[in-house]
Amino acid sequence: MIKKKIIIITVARADYGHLRPLIKKLNKNPKFNCLLYATGLHLLKEHGYTLKEIIKDKFKIDRIIDIKIKPKSTPYNMAYSVGYGIEKFSNAFKKDKPDMIIVMGDRIEVFAVASAASLMNIPVVHIGGGDTAYSDIDNTLRHSITKLSHIHFTHSKKSTETVLKLGEEKWRVHWVGVLSLDTILKIEFIPKKKLLSEFKFPYKNYLLVVFHPTTTDKWEESGFRMEQLMEACLAVVKNKNMGILVIYPNAYAGGAKIIKVINKYKRANKNIYTLKNLPHEKYISLLKYSSVLVGNSSSGIVEAASLKVPVVNIGDRQKFRETPQNVIRISYKKELIEKAIKKALCDKGFQKRVKLARSPYGDGRASERIVRILNKIKINKDLLSKKFIQV
């Protein structure tokens, strides 16, 4: 039996948390020879050097590829990393000769991978195409990766429709759901007391803050926007036995400004605690026990509904995603953010909606579906010869 050689690319803690159940299933399946590449934010100390999470899980890392991602990134740095990454990935693919490459999401590292592989006639399997963001380069990158890819595993019905509207053939597109739900709906959560004591976090109740820059919408104002968010959070927890737990943003342009603000507020307020990065299962457990998730993370749109956690989503980063009932959308103004957090904490009608919220993103069986479909794919001229379907 000839095994299919598949390379999986992981670029950060966030996508690794999603890909983990898929990596496990592919490694156990005798029909696949699975190689794992680690790159991007995994290699940055400023973002927790999350390569160690992969090592802890005892997955073999076949290649570590540094494409010069900067912790204090600018639009120029991002463009440079894409170009440098195409060269590095091309050389690696030439040596390893994969049958297929699996990528996930919309980051610049993924765009570099898809560009190199497509030009080398290596089939690209894209997870997460059709999701729609706003005011961020990720939106453009994601749709570009879709056009460079040959097989699409989508997260929702709406995402599937978007990929088809981009002109992709129906047989290439498969609605499987979100991989992270494979973990969320099956894991045993870390006990709350044990988890918080590990981080030396003294508060039983807390706001969880995850806020990323938006690269095409005034990224230079990222610091000011973070100040508005932090002021609102502090106003809410004032005179309450409640803390604020902040997780660092990604390394896109504007991220360094957000981190600077986070550290400024941390020095001035004893009830603010920060984490540079953490394993997916710990993040999901922190999210589950949080009183409210505040920020613009996709986890508020995708995972929080399955955990019955209220979310205050700020700004336009997740504007066009399918939004469950547990989410309050708000602009960057401090007063509006404060009001929304208070509603999430105190409004009984909204809290009832949170408990009844259902995720449009799947049932926890995405990895099972992906492996079954990958096994059936024939690697031939038809797979590589893409046609544009007029909608």
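The values are calculated or read from the model by the stated rules, or taken from the named source; none is laboratory data. The structure presented is a predicted model; accordingly, all values stated were derived computationally and were not measured. Cβ: placed from backbone, ideal geometry, glycine included. Neighbour counts: every protein chain shown.
Quick rundown of the values:
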read-out	value
Test result for I65, among the β-branched types (V, I, T) and more than 26 Å from Y361 (Cα to Cα)	yes
Candidate set: the stretch 87-134, residues that are surrounded by 19 or more Cβ atoms within 10 Å (Cβ to Cβ) and among the hydroxyl-bearing types (S, T, Y); chosen: the one farthest from L26 (Cα to Cα)	S115
Subset of the stretch 345-391 (residues that are β-branched (V, I, T) and in contact with a Leu (Cβ under 9 Å, 6 or more places away or on another chain))	I370, V371, I377, I389, V391
Neighbours by Cβ (under 6 Å, 6+ apart or cross-chain): first from the stretch 185-198, at pLDDT 95 or above; second assigned to a loop (DSSP other than H, G, I, E, B)	none
Count of residues meeting criterion [within 21 Å of the chain's Cα centre (by Cα), among the hydroxyl-bearing types (S, T, Y) and either closer than 26 Å to D182 by Cα or modelled with pLDDT of 90 or more (or both)] in the stretch 54-83	1
Helices (runs of 4 or more DSSP H) contained in the stretch 110-199 and holding at least 2 residues aliphatic (A, V, I, L, M) and within 23 Å of A251 (Cβ to Cβ)	137-148
Residue selected from the stretch 101-112 under the condition of a type in the set (V, I, T) and under 17 Å from the mean Cα position of the chain (by Cα), by the criterion nearest to Y16 (Cα to Cα)	V103
Any pair with Cβ under 7 angstrom, 6 or more apart, that starts in the stretch 280-291 at a residue that is of a type in the set (F, W, Y) and ends at one that is surrounded by fewer than 22 Cβ atoms within 10 Å (Cβ to Cβ)	Y289/K192
Candidate set from the stretch 346-359 (those that are of a type outside the set (S, T, Y) and touching a helix residue (DSSP H, G or I) at 6+ places or on another chain (Cβ under 7 Å)); member that is surrounded by the fewest Cβ atoms within 10 Å (Cβ to Cβ)	R358
Unique residue being farther than 26 Å from E227 by Cα and modelled with pLDDT of 95 or more when the list is I373, I341	I373
Among (1) in a helix (DSSP H, G or I); (2) closer than 17 Å to M100 by Cα; (3) in contact (Cβ under 8 Å) with a residue 24 or more places away in the chain; (4) not small (G, A, S) - the single one I379 does not satisfy	(1)
Only listed residue being among the hydrophobic types (A, V, I, L, M, F, W, C) and over 24 Å from L22 (Cα atoms), chosen from I69, I122	I69
Within the stretch 73-92, tally of residues that are over 15 Å from L43 (Cβ atoms) and either outside the structural domain of I122 (by TED's automatic domain parsing) or part of a loop (DSSP other than H, G, I, E, B) (or both)	1
I272 vs. criteria among the β-branched types (V, I, T), touching a helix residue (DSSP H, G or I) at 6+ places or on another chain (Cβ under 8 Å) and closer than 23 Å to L51 by Cβ	no
Those residues of the stretch 1-22 which are surrounded by fewer than 19 Cβ atoms within 10 Å (Cβ to Cβ) and in contact (Cβ under 8 Å) with a residue 24 or more places away in the chain, in sequence order	M1, K3, K4, K5
Filter pass, K25 being in a helix (DSSP H, G or I), surrounded by fewer than 22 Cβ atoms within 10 Å (Cβ to Cβ), basic (K, R) and in contact (Cβ under 8 Å) with a residue 40 or more places away in the chain	yes
Subset of the stretch 25-53 (residues that are modelled with pLDDT of 95 or more, among the aliphatic types (A, V, I, L, M) and closer than 17 Å to N277 by Cβ)	A38
